[in-house]
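The values are calculated or read from the model by the stated rules, or taken from the named source; none is laboratory data. Being a predicted model, the structure only gives us computed values, none of them experimental. Here the Cβ positions follow ideal geometry from the backbone for every residue, glycine too, while neighbour counts run over all protein chains shown.
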Amino acid sequence: MSTSDLLSLLPLLILSGSAVIAMLLVAIRRNHRVMHAFAVLAFLAGLLALFVQPYTVPYIIAPLFVVDAFALFNTGLILVAGLSVLFLSYNYFEQREERKEEYYILLLLATVGGLVLVISQHFISLFLGLETMSISLYGLIAYLRARERSDEAGFKYLLLAALSSAFLLFGMALVYAYTGRMDFPGVGAFLKSVGSVPVSVVAGFGLMLIGVGFKLGIVPFHMWTPDIYEGSPLPVAAYIATVSKGSMLILLMRFYRDIDGYEYTILWWVFAIIAMASMFVGNWLALLQQNVKRLLAYSSIAHMGYILIAFLAGLHAGQEAVIFYLVAYVITSIGAFGVLAILSDRVRDAEMIDDFEGLFWRNPWLATIFTAMLLSLAGIPLTAGFIGKFYIVAAGVDAGLWLLLVLLVINSVIGLYYYIRIIAVMFQPAKEEQPMGRMPFFGIFALTALMLLLIWLGVYPSGLISVIREMMLTMG
């Protein structure tokens, strides 16, 4: 590889090397504090490496990778999300009796898989990145083996992820059998040259959608989501909701753009039906939950439906709206799960709605942060979530997606109810005094930074919008 190739892959190489060094550190001497500090430094080094890139963007490492403005922006988003999860992880795992150090190795490897997905433009790199992330998640989900439902969650994810990977591979094989190409632009160019899309390619795309849909947690591939969220450690649930889903969404955007998927009506209708089903199923099932983990899981299904509306709105305004909403969703999801993680103790997670009763009177600052996150998920003004939904509506109006927009408004009202229900419980007087333990500095620091960023993007979104717009223009 040339020097330019190495520089363009520097964030990926740093995290890959850090995972190897982390294994050696554990083999030499176990120390939770050292491992946590090393993982934080690895993520920070990966972020700094984004500024050391080849002068010409996009930079293509044929045939597997493309490093362009879109890839760099989303690489940064994944690294920031992973770093935020790390800040919330130390105190959470310090309270547990399990061996903690391997957690950071798995988190580094999972992020390596996510970074590979972000820069992929080939079926081989897609599958390698997906499996690197998935195999790491198997261990992360079942990490707290002494915890009830942990092994069950890991086993369910193992079986369903393996099944979805089989569908993905079979779909890629069908597409390759007809087109003779495995790179995204090559597949798109071949399909454009032949005009009509044959049944075998449509079937291949359908099978690939099963694999992608599983990772996104969209209907009807959502069955795993509530059980996995409930059984996972809270920082891992935050990671799955943001990095895992976000990296797959970014890959889907690139693939759909390269094959010019907007030209194929059948694909458009498939995604439209999935978006409608995801909004209704996610919101209605969230209404029934008393477990906040499961509530956030079903809520994430609905939010993927909202994002798909922007995805269907077209190349420019639609994909800009997807990226902005994804940024807002990453901030709010990590913040919401982070509050749950800080409130949890060594015996059980703070996951039932009753656990938040009177939180405002026990810890006003933590209650304020959680309220801001929930209001953003509900799309209330002065938060990034509101601007994100407004951006989706604007893109949908521009594309004439009136039915989908009406359903979005209806489902936003439904979602508002269960978010406000949690907020109301926090402001109720507590029936009995529940003393709060010492709050972890880095956890509170990360949550405060996320809340301020959330409000800043809700009040002054033009800066991020300008960056996203310029980024999307470079893609053509």
Handout entry: Test result for Glu101, without any contact (Cβ under 8 Å) to a residue 60 or more places away in the chain and either touching a Phe, Trp or Tyr at 6+ places or on another chain (Cβ under 7 Å) or under 26 Å from Gly17 (Cα atoms) (or both)
Key = no
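Yes/no per residue for (1) surrounded by 24 or more Cβ atoms within 10 Å (Cβ to Cβ); (2) touching an Asp or Glu at 6+ places or on another chain (Cβ under 8 Å); (3) at pLDDT 90 or above; (4) within 29 Å of Ile250 (Cβ to Cβ):
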residue: Ala286; (1), (2), (3), (4): no, no, yes, yes
residue: Ile301; (1), (2), (3), (4): yes, no, yes, yes
residue: Ala328; (1), (2), (3), (4): yes, no, yes, yes
residue: Phe337; (1), (2), (3), (4): yes, no, yes, yes
residue: Arg346; (1), (2), (3), (4): no, yes, no, no
residue: Phe356; (1), (2), (3), (4): yes, no, no, no
Exercise for the section: Considering every residue within segment 303-326, establish whether at least one is touching an Asp or Glu at 6+ places or on another chain (Cβ under 6 Å), surrounded by fewer than 24 Cβ atoms within 10 Å (Cβ to Cβ), in contact (Cβ under 8 Å) with a residue 12 or more places away in the chain and in a helix (DSSP H, G or I). Expected result: yes
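Does segment 58-75 hold any residues that are touching a helix residue (DSSP H, G or I) at 6+ places or on another chain (Cβ under 7 Å), of a type in the set (A, V, I, L, M) and part of a loop (DSSP other than H, G, I, E, B), and which are they? I'd like the intermediate steps shown before the answer.
Quick first cut of segment 58-75, residues touching a helix residue (DSSP H, G or I) at 6+ places or on another chain (Cβ under 7 Å) only: 59, 61, 64-71, 73-75.
Among the residues that remain, those that are also of a type in the set (A, V, I, L, M) are: 61, 64, 66-67, 69, 71.
Within segment 58-75, Leu64 is the sole residue that qualifies.
Hand me the list of helices (runs of 4 or more DSSP H) wholly inside segment 358-413 holding 2 or more residues that are under 25 Å from Val281 (Cα atoms) and touching a Leu at 6+ places or on another chain (Cβ under 6 Å).
Fully inside segment 358-413 and qualifying: 364-378, 384-399.
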Exercise for the section: Note down all Cβ pairs under 8 Å where the first residue falls in segment 163-189 and is part of a helix (DSSP H, G or I), the second is among the hydroxyl-bearing types (Ser, Thr, Tyr) and surrounded by 15 or more Cβ atoms within 10 Å (Cβ to Cβ), and they're at least six residues apart or on different chains. Expected result: Ser165/Ser134; Gly186/Thr179; Val187/Thr179
Handout entry: Scan of segment 217-263 for residues that are in contact with a Lys or Arg (Cβ under 9 Å, 6 or more places away or on another chain), assigned to a helix (DSSP H, G or I) and among the small types (Gly, Ala, Ser), ordered by number
Key = Gly231, Ala237, Ser244, Ser247
Problem - Unmet requirement for Gly231, which otherwise passes all of (1) surrounded by fewer than 24 Cβ atoms within 10 Å (Cβ to Cβ); (2) at pLDDT below 90; (3) under 22 Å from the mean Cα position of the chain (by Cα) - result: (1)
Problem - Filter pass, Leu47 being part of a helix (DSSP H, G or I), over 20 Å from the mean Cα position of the chain (by Cα) and farther than 30 Å from Gly186 by Cα - result: no
Exercise for the section: Examine segment 445-456 for a residue that is more than 26 Å from the chain's Cα centre (by Cα), at pLDDT 90 or above and surrounded by fewer than 19 Cβ atoms within 10 Å (Cβ to Cβ), and state whether such a residue exists. Expected result: no
Practice task
Filter segment 335-354 down to residues that are free of Cβ contacts under 8 Å to residues at least 60 places away in the same chain and either in a loop (DSSP other than H, G, I, E, B) or more than 17 Å from Ile444 (Cα to Cα) (or both), then give me how many there are.
Solution key: 3
Problem - Neighbours by Cβ (under 8 Å, 6+ apart or cross-chain): first from segment 451-476, part of a loop (DSSP other than H, G, I, E, B); second among the small types (Gly, Ala, Ser) - result: Pro461/Ala384; Met475/Ala69
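Scan segment 76-99 for residues that are farther than 14 Å from Val34 by Cα and either in a helix (DSSP H, G or I) or among the aliphatic types (A, V, I, L, M) (or both) and jot them down. Quick ask: steps written out before the conclusion?
Here is the first cut: in segment 76-99, the residues farther than 14 Å from Val34 by Cα are 76-85, 88, 92, 95-98.
The answer is Gly76, Leu77, Ile78, Leu79, Val80, Ala81, Gly82, Leu83, Ser84, Val85, Leu88, Tyr92.
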Handout entry: Test: residue in segment 129-147 that is closer than 30 Å to Val347 by Cα, of a type in the set (D, E, K, R), in a helix (DSSP H, G or I) and at pLDDT below 90
Key = no
Exercise for the section: Inspect segment 199-211 for any residue being in a helix (DSSP H, G or I), under 21 Å from Ala277 (Cα atoms) and among the β-branched types (Val, Ile, Thr) and give the result as yes or no. Expected result: yes
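Go through Arg469, Arg362 for me and flag whichever is more than 30 Å from Val66 (Cα to Cα), among the basic types (Lys, Arg) and modelled with pLDDT under 90.
Exactly one residue qualifies, and that residue is Arg362.
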Problem - Cβ-Cβ under 7 Å pairs, at least 6 apart or on other chains, segment 370-389 side within 24 Å of Ile353 (Cα to Cα) and in contact (Cβ under 8 Å) with a residue 40 or more places away in the chain, far side part of a loop (DSSP other than H, G, I, E, B) and among the polar types (S, T, N, Q) - result: Ala372/Thr383; Leu375/Thr383; Ser376/Thr383
Practice task
Mind listing whichever residues of segment 109-157 are closer than 18 Å to Pro11 by Cβ, more than 17 Å from the chain's Cα centre (by Cα) and surrounded by fewer than 23 Cβ atoms within 10 Å (Cβ to Cβ)?
Solution key: Ser125, Leu128
Handout entry: Residue in segment 399-417 that is more than 23 Å from the chain's Cα centre (by Cα), over 18 Å from Met279 (Cβ atoms) and among the hydrophobic types (A, V, I, L, M, F, W, C) present
Key = no
Practice task
Just give me the residues in segment 158-168 being surrounded by 15 or more Cβ atoms within 10 Å (Cβ to Cβ) and not polar (S, T, N, Q), in sequence order.
Solution key: Leu158, Leu160, Ala161, Phe167, Leu168
Practice task
Name, by its number, the condition in (1) more than 22 Å from Tyr329 (Cβ to Cβ); (2) modelled with pLDDT under 90 that does not hold for Val270.
Solution key: (2)
Practice task
May I ask you to list the residues in segment 6-63 that are exposed (fewer than 15 other Cβ atoms within 10 Å of the Cβ) and of a type in the set (Ser, Thr, Tyr)?
Solution key: Tyr55, Thr56
